[in-house]
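Structure, as structure tokens:
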Amino acid sequence: MPFYTTNDGVQINYHSYGQAGKQALVFINGYSASEVTWAFQIDFFVSAGYRVITYDHRSHGQSQEVDYGMTLHRLATDLEELMTFLQLEKPILVGHSMGAATIMAYEELFTDARLTAIVTEDQAPTFMKAKDWMDGNTGKTLGELEHFIRDFPRTKLTNRQLTGQVKRVLGKGMLPFDFQKHQDLLQNVITQDWRKNLTRERVPHL
């Protein structure tokens, strides 16, 4: 499997599908997940004429396990380095959950100047409860964070029963993740507030 090495010495697993030179879609998975998250999107988008890039965050999936650089802004830097390594021009970024937060951190560090568009899902601009966000009716308080982080490994993340095919694919590709070791990363994700930075976007964001 192909790897590239970050500027702080971490080997990142990635895969590229489709033809170089086509419009690139970079799929970015969530906390504790791996690139197999996107297994059912690859053939569809390659057949539609796109180049598809999937990869694992550091300490996720097949990427190198490390005990440093486990912050959103470092993950965003890893993403920037991957796009540079693959010489991607004007890619579209697609992020799920922490993958979406990684995109928001990327924009804060690098702006959206080299992007064509952004697609994010399952990640609000802020996770925290605030009077100026959804009338203060949505989100967590600081006092609730400890319990949320502690209970996250046992949290049900789907509303519907997974099909047998999905279970088989995910079962083969999802590798063990050290939740306790990387609790600080989850805390880093859920204590961010991207609302002001998102107003500076200049590319379409779905």
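Any read-out appearing in this document is the output of simple, stated calculations on the displayed coordinates, not a laboratory observation. As the structure is a computational prediction, the values presented were derived from the model and not from experiment. Neighbour counts are summed over all protein chains in view; Cβ atoms, including those assigned to glycine, are modelled from backbone coordinates with ideal geometry.
Taking packing as the residue-averaged number of other Cβ atoms within 10 angstrom, the listed peptides 24-32, 79-87 run from highest to lowest as 24-32, 79-87.
Placing dummy labels 7 Å off each Cα toward the beta-carbon, the span from Arg114 to Thr84 is 0.7 nm.
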